[in-house]
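See below for the structure under consideration.
Read the figures in this text as sums done on the coordinates, not as results from a lab. What you see is a predicted model; the values in this text were computed from it and never measured. All Cβ positions, glycine included, derive from the backbone under ideal geometry; neighbour counts span all protein chains shown.
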Amino acid sequence: MQKPLNWLKRYPAVILLLIIVGVGLFATHVLATYQQITIKANVVNVRQGPGLSYDVMEQASKGESMNVISQKNNWYQVRLSGDKIGWVASWLVDNTEVSATSNRVAKVTYTFANVRKSSNSTSQLLGKLNKGDQITVLYQQNGWSQIKYNNAVGWVQSSLISVTDDAPTTVQKTTTTADSSSTTQTSTDIQSVTTQLNDTKLRSGPATTYDYSKTYAANTKLTYVSKSGLWYQVKDADGNTGYVASWVVTPSATDEVVKTSATSLSEATIVLDAGHGGSDVGALSTGDKYEKTYTLETVNAIAKKLRAAGANVVLTRSSDKFIDLAPRPVVANKIKADAFISIHFDSSTNANEASGTTTYYYSSSKDNTLAKAINAQTKTLPLTNRGIEYGNYQVLRDNKRPSVLLELGYINNDTDFNYISSSSYQEQVATAVYNGLTDYFK
Ligand SMILES: [Zn+2]
């Protein structure tokens, strides 16, 4: 580690990175045109929110198609059978524009049908259809049908149209959903839930067989009380308590890292940080080779390995350019990365007086599990393992996500340098990080 000098002079680079991160990676928007995705991994978890920290609702298998509602943090919000709404990692699916053949055809059976902007009779009127008009139905909910209309989408009341077949083109469930389960769990990370749909029912118990006393409009925030199977016990602003189905609401996003048992590396977003770069060359070998060269080579080897396993890998730099310390953890924070790994090589005061690898963490509660998982694997490297140490590094200190900094040998030790500069050692490091993360996400 060497501190880059005069970082304020590099301010334009910081701003540029922040813009890239802000616009490119953290885009939260409702898709303007209707899109459909197809699962490309063998099995993909459908989660209650956009990240690994949310519970798994069900799983989807390769080839299944789903409709995209919105996008956040590189995750797609999708509509499932039974009008459930869940989230899948965008890098595990193929995204295609919807084609008419994958949807159902319907005809207007009433004298006319109003086409509205959303699924309620007070929303903006987009136009009118006449009896016999043929339309493409994208999906249906609560008595309304979303249709393709003038190269966009609109809604008509389902009672005014007749669909030519009755099988909705939605995903097949591969796991059972225990709607009537009465096992009560606590999910301390959820503070509130927000309704996704209009007419969300507040029921007296955790199943659709219970009566409902109230309905809520979409985007109503409810205070989370407890969890019961796939239902949330909630309290509204007027003090009413009851149950809402977890698949019609979105739990509050949380920065808290909650590990669930069904996670896997393929769903994870990993930020890899190649130390130094550009004018900040890092430490020097005895032959005046730069640390920045080998941090990038090593990061590229790790990235290749993790991407082959299906992980979403984001690099703080992918070329020999200067990036200040401050924006590096910002990358992980913005995209709510599941892990951040910074790669460096050590240097001792005098050449050839120290050797080995060290795993640094900053927060014992947030980082230590990751540090242990990775250090258990870097022990297999040919260099001495110097263990896990506390390190007050900015890339760790400013990081809200689980993060570690790996010093993978002393660059000014000639023996260490022979390893550091070899592609075989870089491959070994990649395997160690891959194995460490696999254990971590188990
Ligand atoms: Zn360094």
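Taking Cβ atoms as reference points and 13 Å as the exclusive limit, the residues near A354 contribute a net charge of -4, counting Lys and Arg as +1 and Asp and Glu as -1. Computed 3J(HN,Hα) for segment 394-400, one whole-Hz value per residue from the Karplus formula 6.51 cos²θ - 1.76 cosθ + 1.60 where θ = phi - 60°, is 4, 5, 8, 4, 8, 8, 8, glycine and proline marked x. Legend: residue pairs K292/K379; K148/K214; K289/K321; K72/K131, Cα-Cα distance threshold 28 Å; pairs beyond threshold, K148/K214; K72/K131. Taking Cβ atoms as reference points and 10 Å as the exclusive limit, the residues near R203 contribute a net charge of +1, counting Lys and Arg as +1 and Asp and Glu as -1.
The distance linking segment 289-336 with segment 369-442 is 14 Å (Cα centroid to Cα centroid, whole angstrom).
Site pair N352 and A217 shows an inter-label distance of 7.7 nm when each label is modelled 7 Å from Cα along Cα→Cβ.
Available extension along the chain between T286 and K304 is 3.5 nm, counting 0.36 nm per residue and deducting the alpha carbon span.
Spacing of the modelled spin labels on N385 and S423, each 7 Å from Cα toward Cβ, amounts to 2.8 nm. Taking label points 7 Å from Cα along the Cα-to-Cβ direction, S121 and N392 give a separation of 6.7 nm. Exposure proxy for T357, T209, T223: other Cβ atoms within 10 Å of each Cβ, ordered fewest to most, give T209, T223, T357. Extension gain, S162-D414: 0.36 nm per intervening residue step, less the Cα-Cα distance, totals 83.0 nm. Subtracting the Cα-Cα distance of A326 and V43 from their residue separation scaled by 0.36 nm leaves 98.2 nm.
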